[in-house]
Amino acid sequence: MGVDTRVVVIGAGQAGLSAAYHLVRMGFTPYDEVVVLDRNPAPGGAWQHRWDSLTMDDVHGIANLPGADVPPSIGAERANEFVPRYYADYEARFGLPVVRPVGVQSVRELDGRFSLSTDAGTWTADAIVNATGTWNRPFLPWYPGIETFRGRQLHTSDYNGAEEFTGQHVLVVGGGASAVQLLAEISEVASTTWVTRRPPEWRTDGEFGPELGRKIIAKVEQRVRAGLPPRSVVSVTGLQLRKQEQAAYERGVYTRLPMFERITPDGVVWADGRSQQADAILWATGFRADLAHLAPLHLREPSGGIRMDGTRTVLDPRIHLVGYGPSASTIGGNRAGFAAARELRDLLKPELAPARSSSGGAGER
């Protein structure tokens, strides 16, 4: 298959769907001028791959996709069913030009345009909106002896539920919100040890609010403008126990130990000689941006990040990253989708841009 279009959106999660929605509303004809390539077999982005025990009670919040509010949920509903259903309805309601499953293998510049090699043929385009998120790039750190461990090692992306660890001792590595949630679940059926690189910082100032959100975005945006890799949200927000984790706290589950020195066939050993046997090691060590397919474009700085100005890459204004850096959240992804669509409309179809007022303000909201 060989397809020529104006804009290719890579990924159909929150940010990708937002970008596609706004591109269509701003005058790009579905399929002829804009197409969304999604590697997943069904709608739902990364949500369809989350573990079954993650319910809507556990989710910190799902932002409305533009033009359609999230329907009400019963808290006990599985997130990996509820959110994909919402995304599927959204794609159908607005006739978004999603093609799946299509895995993009590489993006190269060719004769002033972009050539996308995929497992379903080649697409060519004038501009790229990358919305691939992080789910397909779980981060697993290396420690001496990691290859010798005889038990099971898994990342949170492989987690299917606590029952598979019944009666075992599980070492949970990582200081993020996923580690806190999974420790609560697993500790009900198994013994656990929690290990983190830094002491956890617990937040006691109530729910996540607008002021904290602005602080997070400002810090992450500062890094990506400098071409540095984005950092985790928890490094800015801290951790907060929810009501469903209070019982685990009272049982002492969140007693944290520093990182071990090495892994043995039966467990781990610390620098002071202390050891802990384990049946399984659960790496709750986060994800990295899934951008390997963009490597031929040479966008990365020596520091390892991609220098950004809003959603566009500084090296090429035709390439936009949404769901990256400060827009790596559901609310941020929505805003980034609109910003990328507006800039590409102004770049590729300036005749469709609304007139600006004499005072210099934009004529569009």
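The values are calculated or read from the model by the stated rules, or taken from the named source; none is laboratory data. Note that the coordinates shown come from a computational prediction; the quantities given were computed from them, not determined experimentally. A quick note on method: Cβ atoms are made from the backbone with ideal geometry, for glycine too, and the neighbour counts reach across all protein chains shown.
Kindly list the number of the only condition in (1) buried (at least 20 other Cβ atoms within 10 Å of the Cβ); (2) outside the structural domain of Leu171 (by TED's automatic domain parsing); (3) closer than 25 Å to Thr156 by Cβ; (4) of a type outside the set (Lys, Arg) that fails for Ala340.
Here Ala340 meets the rest and fails (3).
For a quick check of your reading of the model, give me the residue pairs whose first member lies in segment 18-32 and is in a loop (DSSP other than H, G, I, E, B), whose second is hydrophobic (A, V, I, L, M, F, W, C) and surrounded by 15 or more Cβ atoms within 10 Å (Cβ to Cβ), with beta-carbon atoms closer than 8 Å and at least 6 apart or on different chains.
Partner pairs satisfying both residue conditions: Met26/Ala341; Phe28/Val7; Phe28/Val34.
Here are some residues: Ala271, Ala292. Which one is modelled with pLDDT of 95 or more and under 30 Å from Thr313 (Cα atoms)?
Of the residues listed, the single one that is modelled with pLDDT of 95 or more and under 30 Å from Thr313 (Cα atoms) is Ala292.
Checking the structure you have, find out if any residue of segment 93-105 is at pLDDT 95 or above, surrounded by fewer than 15 Cβ atoms within 10 Å (Cβ to Cβ) and farther than 24 Å from Thr29 by Cα.
Yes, there is a match, as at least one residue in segment 93-105 is at pLDDT 95 or above, surrounded by fewer than 15 Cβ atoms within 10 Å (Cβ to Cβ) and farther than 24 Å from Thr29 by Cα.
Within segment 254-276, can you find the residues that are assigned to a strand (DSSP E or B) and of a type in the set (Val, Ile, Thr)?
Ile263, Val268, Val269 - these are the residues of segment 254-276 that are assigned to a strand (DSSP E or B) and of a type in the set (Val, Ile, Thr).
One line per residue, one yes/no per condition, for (1) under 17 Å from the mean Cα position of the chain (by Cα); (2) at pLDDT below 95:
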| position | (1), (2) |
| --- | --- |
| Val3 | no, yes |
| Leu23 | no, no |
| Asp32 | no, no |
| Ala79 | yes, yes |
| Asp89 | no, no |
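Take the conditions touching a residue at least 60 places away in the same chain (Cβ under 8 Å), in a loop (DSSP other than H, G, I, E, B) and not charged (D, E, K, R) and apply them to Thr134. Does it pass?
It is true that Thr134 is touching a residue at least 60 places away in the same chain (Cβ under 8 Å), in a loop (DSSP other than H, G, I, E, B) and not charged (D, E, K, R).
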